[in-house]
Amino acid sequence: MNPRQPTSSVGMLASMRNPIPADESPASKPLALVTIPVPPSESGVRRDARFAAPGEKRTRYHLPESLESASPVGYRTRVSLSREEAGTLLSLLSRPRPSRFVLGPAPTERELFEECSLGVLSARQSTNFRGQREVLLGPKDSEQAASLLRRIGRKEASVLDGAAFTHVVLARPYRTPFTFLLTFVGHKPLASLLTVPLRAWAKRFRHVDDIPTIGYLKELHLGVLADAMERAAVIASAGTRAAQVFLEPFEQPADAAALRELETLVGLTPAERAAGWRVSLVAQVGSVPEEERVPMERATARRLGAALLALRSERIQPGVNAEPSAPAAYQTRQPLDVPDELTVQAGRAAYNAFVQFTGVSRERAKELMLLERIDVLTPQGKERLREVREELEQVTEKLIARLPLWADLALGRALSRNSARGRKAFALAGQRIYVGGLSRREVERSGLSFAHAVRAFGAAAARGALVAEVAGTTEIPEGCDLRGGVCLMAGPVNQNDIGKQFFSGKDLLEHAFAGREPTSLLVWTFKAKTVADPIGNEQQLLDAARKGALVDLRPGPHEVVAVRRGTVPGPLRRSGERVNAERAFGDVGNFVTDPEGREIAGNRGTPWPADEADAPVWPGGAR
């Protein structure tokens, strides 16, 4: 937040009247638990998901009959956290980086599986674009990786010795059916016969993005993952380990040869480089001294892990944007509200993350992060929301009207149909809405690369959203799914960026930050409600037969995680033809059933053989 902005257009800390001077501002501030008030008993409803009766047409509100998936997630219900458990989880959002690693027990195979389950296998709760994978290095390889990191140069934090293992994350440019559609947007009618193929070639071989915000999605996803990895290391080890995460881009290393050596160490091939894969994030993980450990019972760690895996993006606001065919629970507005103090805590957590992953001062972080609040409970907020919706709708109409007719007809009108269907991707419904972004000019004046700041913004967005999700899952009342949730999305800003790029539009944040050349990146919609989104939202992430048009299935560990033993990385949890079917933290038992307790066949999964899961992956521990 910029303290000079009027309170009607500033971000999450609008209610704080006396900003802390820069020289007194701590890097991370502790967070207080602020819950969403319990609704009146008559207003509390839950997702009454049932199996379809014989002969009944299935909808996205019915339970699937079965699940066959290598994903560690499955269909889960929210874990109702106690206040003590919620406090422990929130404490992880203001902890400093580890100062050093000490000798500790070697991690077991199950601990690695569960840490990856909370990280690369589930960090993006909605669209699981297969644009990230990782290689896990053991203690000996971690020594080499640490030496290479020092040569490459890491400014945001110190490279530590004695890591038990190291995550090396590879990422590639964001490409989905939506980005395929963008290939045809913004061309002149006759020239499109030439300019469409030229743009397609540039995207395929030079990794050029149609609009800037598509390029930023890769960076935002890396920030979300980085923030998740910090919590994952703590929870998977029940508080004894921590992660030192390096998020600054590797594109301009101090020693290019060292970066090539790191790529060789993790097995990055020339063909993968040509496809756009790059080393993008590194996280050292190791045991920490007693004074830096998080006091946590193993049972608490298990419940927190299961709670994080159960979180989902919540798009529906009851009585506001539910489809007409939705069950009654979704059709009536509920008398719940997101407290102002909760958004203050969410903003505090967001600044904690931005400071941690960039190294700028807290006051500078408040100036750089541009946040416009749209409060739909006020007349001004309703008017502003209406303006935003109309602007996005106008962009969509122009987009459809100017699609090349020859391409749309050749594809059976799929381009125009998908463009119209995409309106759902920017449905803004919630009590507190925040549009967030950055100014490239101001970021670069602060000595940061814009890509680094965008990554840190992704981490900040994820951490702020988690605060609201914890509030919405603490002491859930009987007969409810939750007390509140969050939808964190880029759809509206992508649509706005199309308007900026091709139709002379203005950035969404120009309204609140005129003259600062803002670039909007993400939208949060904070929702107070008791009913979870339709089961179909989760099914499209897990079931190929009902896969959403713009969504990749949740991956299994063998698909995106490799473990380096010896000299060649091998897939995690694949042995011959056998692959993972275990649900991480499944012992907590938070699996979806119908009201009579009938389970989805296969949803609980099958444990990995204990003799393999309980064995150390790299015997001997850190050197």
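The values are calculated or read from the model by the stated rules, or taken from the named source; none is laboratory data. Keep in mind it's a predicted model, so treat the numbers as computed, not measured. For neighbour counting, all protein chains shown are included, and Cβ atoms are generated from backbone atoms with ideal geometry for every residue, glycine included. To get the accessible areas, we keep the full protein, side chains included, count just its heavy atoms, and leave off ligands, DNA and RNA. Shrake-Rupley method; radii C 1.70, N 1.55, O 1.52, S 1.80 Å.
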Apply the Karplus parameterisation 6.51 cos²θ - 1.76 cosθ + 1.60, with θ equal to phi minus 60°, to every residue of the stretch 498-504 and state each ³J(HN,Hα) to the nearest whole Hz, in sequence, with x for glycine and proline. 4, x, 5, 6, 10, 10, 6
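Can you give the extra length, in nm with one decimal, that the chain gains between residue 205 and residue 567 once fully stretched, where that is 0.36 nm per residue apart less the Cα-Cα distance?
Values: separation 362, 0.36 × 362 = 130.32 nm, distance 3.07 nm.
Taking 0.36 nm per residue and subtracting the Cα distance, the gain is 127.2 nm.
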Highest-first arrangement of 359-365, 494-500, 269-275, 196-202, where packing means the average Cβ count within 10 Å: 494-500, 359-365, 196-202, 269-275
Would you grab the residues whose amide H sits under 5 Å from the one on residue 574? Only those 5+ places off in sequence or on another chain, please, with H modelled 1.01 Å from N. none
Can you give the charge dipole size of the chain about its Cα centre, rounded to the nearest 20 debye, using +1 on the beta carbon of Lys and Arg and -1 on the beta carbon of Asp and Glu? 1440 debye
Label point 7 Å out from residue 475 along Cα-to-Cβ: which residues of the stretch 81-111 have amide N under 20 Å? 81-91
Mean residue ellipticity (222 nm) of the chain, computed from DSSP H runs ≥ 4 via -39,500 (n - 2.57), nearest 500: -11000 deg cm²/dmol
Post the alpha-carbon centroid distance, the stretch 56-77 to the stretch 508-541, in whole angstrom. 25 Å
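So, with a 1.4 angstrom probe, what is the percent of accessible area on the chain that is carbon and sulfur?
Working: 12890 of 24630 Å².
Carbon with sulfur: 52 percent of the solvent-accessible area.
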Quick one: how many Å² of residue 208 are accessible to a 1.4 Å probe, rounded to 10? 50 Å²
Can you find, among 335, 37, 213, the residue sitting farthest towards the positive end of the charge dipole of the chain, where Lys and Arg contribute +1 and Asp and Glu -1 at Cβ? 213
Counting only the heavy atoms of the protein chains, how much of residue 248 is accessible to a 1.4 Å probe, in Å² to the nearest 10? 30 Å²
Two pseudo-spin positions, 7 Å from Cα along C-beta at residue 83 and at residue 596, lie apart in nanometres by 4.0 nm
Sequence order, the stretch 70-85: Karplus ³J(HN,Hα) from phi using 6.51 cos²θ - 1.76 cosθ + 1.60, θ = phi - 60°, Hz rounded, Gly and Pro as x, gives 8, 5, x, 8, x, 8, 10, 9, 4, 8, 7, 7, 6, 4, 5, 5
Relative contact order [Cα under 8 Å, 6+ residues apart], the chain, whole percent: 30 percent
Average accessible surface area per residue within the chain, 1.4 Å rolling probe, Å²: 40 Å²
Applying the Karplus parametrisation 6.51 cos²θ - 1.76 cosθ + 1.60 with θ = phi - 60° to the phi angles of the stretch 151-166, what ³J(HN,Hα) value in whole Hz is obtained for each residue in order, glycine and proline being reported as x? 5, 5, x, 10, 8, 6, 6, 7, 6, 9, 8, x, 5, 6, 6, 9
Once you put a point 7 Å from the Cα of residue 150 and another 7 Å from the Cα of residue 414, both along the Cβ direction, what distance in nm separates them? 5.3 nm
The long-range amide H neighbours of residue 164, using H built 1.01 Å from N in the peptide plane and a cut-off of under 5 Å, are 285, 286, 287
Ranked by how many other beta carbons lie within 10 Å on average, peptides 215-221, 481-487, 377-383, 108-114 from highest: 481-487, 215-221, 108-114, 377-383
One finds the C-alpha centres of the stretch 167-212 and the stretch 259-294 to be spaced, in Å, by 28 Å
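Keeping every protein chain in place, order 210, 161, 340 by accessible area at 1.4 Å, biggest value first, i.e. largest first. Numbers along the way, then the final one.
On the way: 210 10, 161 100, 340 75 Å².
Putting 210, 161, 340 in descending order of accessible area: 161, 340, 210.
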Taking amide H positions as placed 1.01 Å from N in the peptide plane, with prolines and chain starts having none, which residues 5 or more places from residue 76, or on another chain, fall under 5 Å of its amide H? 592
